[in-house]
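The values are calculated or read from the model by the stated rules, or taken from the named source; none is laboratory data. Quick caveat: nothing in here was measured; it's all calculated off a predicted structure. All Cβ positions, glycine included, derive from the backbone under ideal geometry; neighbour counts span all protein chains shown. Side chains included, ligands, DNA and RNA excluded: accessible areas come from the protein's heavy atoms. Shrake-Rupley method; radii C 1.70, N 1.55, O 1.52, S 1.80 Å.
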Amino acid sequence: MIKETEISIFPNKLEDRALYKKLVSKKLKINIGEITSLQVLRRSIDARGKFPQYNIKVKVFINEFATEEKVSFSFKDVSKSKKVIIVGSGPAGLFAALKLLELGLKPVIIERGSDVQKRRHDLKAIQQDGIVNPNSNYCFGEGGAGTYSDGKLYTRSTKRGNVKRILNLLVEHGAKKEILIDAHPHIGSNKLPKVILEMRDTILKYGGEIYFDSKVTDLIVNNSEIKGVIVNESTEFIGDSVILATGHSARDIYYLLNKHKIKLEAKPFAMGVRIEHPQQLIDSIQYNSSKRNEFLPAAEYSLACQVDNRGVYSFCMCPGGIIIPASTEPGELVLNGMSTSQRNSQFANAGLVVSVTEEDWQHQLEHGIFAGLEFQKEVEKIAFEVGNGNQQAPAQRITDFVNNRISKSLTDTSYIPGVINSPLHELLPNGIVTRLQKSLHQFNKRMKGYYTEEAQILAAETRTSSPIRIPRDKETLMHIGVNGLFPSGEGAGYAGGIVSAAIDGERSAEAVAKYLM
Ligand SMILES: Cc1cc2nc3c(=O)[nH]c(=O)nc-3n(C[C@H](O)[C@H](O)[C@H](O)COP(=O)(O)OP(=O)(O)OC[C@H]3O[C@@H](n4cnc5c(N)ncnc54)[C@H](O)[C@@H]3O)c2cc1C
């Protein structure tokens, strides 16, 4: 017989499988000897009580041999198959490519940035010298924004089957197995590059092609049908269709589509700041204890509220992480966050953002559908200029920000390029400032101690999602005006985060296969 049940375990006993059996036998009222095997299906932390515990869902084999669900992928040799050009090697592009291998089509990935190893030098140049390479940075390069990201893998997608498939593909390429059972799976920026490298190996091994340092500079479109792309202003790549998976920071792609009169739409997004607390403070709030139990991970949080008819929420929270410069062009400052697999820095950071709409960019309306994007650029430019033009970030203690006064001093920060004491309450757009100020009081009611002079904000967090959508047909997933063009992932406005971009990439590959049949 097979049964499923849930048990609770203290963190220091997480690896004690004999205890699991004992608790299960008690719960199911069976003898320990009858349990032939236990499989953990899911685990999550319950920190509501005085002592946090893990809730563990297990599959129990009673007087029966255990069977393990084996997930396998049937990649085919596609070296002589029809060619599908994929622009961008982020999660959407890579998972589209892997799916095409299963469907018997040949992915040809064209990536403007460098491979993971070479990309490291460009990241060092941003962090240490404030130099931004517009083609290779934290957003652009092999693996896209996913490679040096935080690597949190949870998603709001309700289609568990699809999520499981993505997680299994990551495990197949070297990610740790725990991501299959953790309620909030996480890989970490130190482990992700190796996973991306293994994916590259699979794509090449089965006959796909990958070109780095190859920026798509034009599209070849005839009679409303895409025939291919032009790379680095010189080389033509012709394919049977094109998956456009360029992410939300590839503004030049939006301008290029617009030049070809390919329909785009403006969409709402969110902007604000990065907030940073001592991790120990977040631990003590979330785990109800002055010191974190050594067997517990750095605590996380997720906050959201409504202020003056707009959503204000925490975004991409990185426990035990660092704030990084995610700018993609010289002359702008964009912040984001990441952490290693151990999540062991002494800081906790998160985006703290306000939904923005047309009301905020009235002064940019002359730019038509690009008005929101111009507003985004405007805030990034202010942050850059106040930050001395070298990726230093303007910063302010949150208590001073809320009370409209300049900070006398700043706190320690994880942000390597450094911070500059600045009156963010005056510098950021008013609609964002007033809502952030009010939200901090609301969040303090939910997490007592969140509003503290030990925390500070850094500007600007502007790239929560794309300000533009590339519209596609609901059924065919093809652009509504161009045959053979499949906008995919976050840049197309149909995903947010690693897993949802990966799922969208797979869906695009399936749609291409149907189109080419
Ligand atoms: C620092 C950081 C931390 C993050 N942390 C998390 C996290 O913990 N969890 C999570 O779910 N999400 C996180 N994200 C967001 C996540 O990385 C993105 O949602 C995801 O990568 C989007 O996938 P995508 O494939 O749609 O686009 P991207 O990953 O943005 O990939 C687009 C690719 O297209 C390429 N490209 C663009 N223009 C061209 C061109 N003209 N020619 C050729 N190639 C081009 C780019 O170089 C890039 O490689 C983080 C992002 C950053 C920057």
Condition test on Gly331, is it touching a Cys at 6+ places or on another chain (Cβ under 8 Å), outside the structural domain of Ile45 (by TED's automatic domain parsing) and not in a strand (DSSP E or B)?
no
Of the conditions (1) under 30 Å from Ile45 (Cβ atoms); (2) acidic (Asp, Glu); (3) within 15 Å of the ligand (Cβ to nearest atom), the single one that Glu69 does not satisfy is (3)
All but one of (1) outside the structural domain of Cys139 (by TED's automatic domain parsing); (2) within 16 Å of the ligand (Cβ to nearest atom) hold for Glu453; state the number of the condition that does not hold.
(2)
If I ask for residues that are over 25 Å from Tyr54 (Cβ atoms) and more than 16 Å from the chain's Cα centre (by Cα), which ones from segment 175-200 would you list?
Lys194, Leu197, Glu198, Met199, Arg200
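Residue by residue, here is whether (1) among the polar types (S, T, N, Q); (2) over 23 Å from Thr411 (Cα atoms); (3) modelled with pLDDT of 95 or more holds:
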site	(1), (2), (3)
Pro268	no, yes, no
Gln280	yes, no, yes
Asn288	yes, yes, no
Arg310	no, yes, yes
Would segment 499-517 turn up any residue that is without any contact (Cβ under 8 Å) to a residue 40 or more places away in the chain, part of a helix (DSSP H, G or I), surrounded by fewer than 24 Cβ atoms within 10 Å (Cβ to Cβ) and within 16 Å of the ligand (Cβ to nearest atom)?
yes
Within segment 416-429, does at least one residue satisfy the condition of being touching a Ser or Thr at 6+ places or on another chain (Cβ under 8 Å) and outside the structural domain of Leu167 (by TED's automatic domain parsing)?
yes
Would you kindly identify the helices (runs of 4 or more DSSP H) lying entirely within segment 81-180 that contain at least 3 residues that are within 15 Å of the ligand (Cβ to nearest atom), open to solvent by less than 50 Å² (accessible area, probe 1.4 Å) and within 25 Å of Ser302 (Cα to Cα)?
160-172
Report the residue count in segment 392-421 for those that are touching a residue at least 40 places away in the same chain (Cβ under 8 Å), among the aliphatic types (A, V, I, L, M) and either surrounded by 21 or more Cβ atoms within 10 Å (Cβ to Cβ) or within 14 Å of Leu335 (Cβ to Cβ) (or both).
4
Sort out which residues of segment 468-498 are farther than 22 Å from Val356 by Cβ, open to solvent by less than 50 Å² (accessible area, probe 1.4 Å) and in a loop (DSSP other than H, G, I, E, B), and write them in order of number.
Leu477, Met478, Gly481, Val482, Gly484, Ser488
Go through segment 11-48 and count every residue that is open to solvent by 40 Å² or more (accessible area, probe 1.4 Å) and in contact (Cβ under 8 Å) with a residue 60 or more places away in the chain.
6
Any chance Ser439 is open to solvent by less than 10 Å² (accessible area, probe 1.4 Å), in contact with a strand residue (DSSP E or B) (Cβ under 8 Å, 6 or more places away or on another chain) and either away from the ligand (no atom under 14 Å from the Cβ) or of a type in the set (Val, Ile, Thr) (or both)
yes
Of all residues in segment 368-391, count the ones that are at negative phi, in a loop (DSSP other than H, G, I, E, B) and open to solvent by less than 40 Å² (accessible area, probe 1.4 Å).
1
Condition test on Asn309, is it over 24 Å from the mean Cα position of the chain (by Cα) and within 25 Å of Gly481 (Cα to Cα)?
no
Per the filter on segment 129-162, residues of a type in the set (S, T, N, Q) and at pLDDT 95 or above are Asn133, Asn135, Ser136, Asn137
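Please determine whether any residue of segment 447-455 is within 24 Å of Ser355 (Cβ to Cβ), among the small types (Gly, Ala, Ser) and assigned to a loop (DSSP other than H, G, I, E, B).
Checked against the condition, which is being within 24 Å of Ser355 (Cβ to Cβ), among the small types (Gly, Ala, Ser) and assigned to a loop (DSSP other than H, G, I, E, B), segment 447-455 yields at least one hit.
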Return the residues of segment 229-284 that are open to solvent by less than 10 Å² (accessible area, probe 1.4 Å), in a strand (DSSP E or B), out of contact with any Pro (no Cβ under 7 Å at 6 or more places or on another chain) and within 13 Å of the ligand (Cβ to nearest atom); say none if nothing qualifies.
Val229, Val231, Val242, Ile243, Arg274
Is it true that Leu94 is among the hydrophobic types (A, V, I, L, M, F, W, C), in the same structural domain as Ile230 (by TED's automatic domain parsing) and either farther than 19 Å from Ala492 by Cα or more than 19 Å from the chain's Cα centre (by Cα) (or both)?
no
Out of Thr434, Thr464, sole residue that is open to solvent by less than 30 Å² (accessible area, probe 1.4 Å) and either polar (S, T, N, Q) or not in a strand (DSSP E or B) (or both):
Thr464
Give just the number: which of (1) open to solvent by 40 Å² or more (accessible area, probe 1.4 Å); (2) within 12 Å of the ligand (Cβ to nearest atom); (3) not in a loop (DSSP other than H, G, I, E, B) does Asp213 not satisfy?
(3)
Give segment 8-50 a look and list any residue that's in contact with a strand residue (DSSP E or B) (Cβ under 9 Å, 6 or more places away or on another chain), over 20 Å from Glu68 (Cβ atoms) and aliphatic (A, V, I, L, M), or say none.
Ile9, Leu14, Leu19, Leu23, Leu28, Ile30, Ile45, Ala47
